[in-house]
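One structure is given below, encoded as structure tokens.
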Amino acid sequence: MTEAQVWTMLGVFTTLMFGMLTIVSVGFVRVLRAEIGGLRAEIGGVREEMRARFEAVDARFDAVGHRIDGLDRDVQMLVRRNFGVD
């Protein structure tokens, strides 16, 4: 292990390994960030769609004169009336 070529080869090999590790890890981080960004956008879209649908349900109940907040009370009344539960 006293030859200069051996030490040069070890240095080149080590540099190449660290370089490859850096390239792979940077690529992985970029892909991971892109996927997380896409997931956040998807969740935001689902949130907006759910909000729109809840508003549509609220509008329908408001048009009838009821609110969805009173749904539990209405279901309890139906259960008591149909099943004789006190």
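A compact table of results
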read-out: Filtered residue count, segment 1-12, keeping only those that are of a type outside the set (D, E) and surrounded by fewer than 10 Cβ atoms within 10 Å (Cβ to Cβ); value: 4
read-out: Pairs, first surrounded by 10 or more Cβ atoms within 10 Å (Cβ to Cβ) in segment 39-58, second part of a helix (DSSP H, G or I), C-beta under 7 Å, six or more apart; value: V57/I68; D58/I68
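Just so you know, all these numbers are worked out from the coordinates, no wet-lab data involved. Note that the coordinates shown come from a computational prediction; the quantities given were computed from them, not determined experimentally. So basically every Cβ, Gly included, is an ideal-geometry build from the backbone, and we count neighbours across all protein chains shown.
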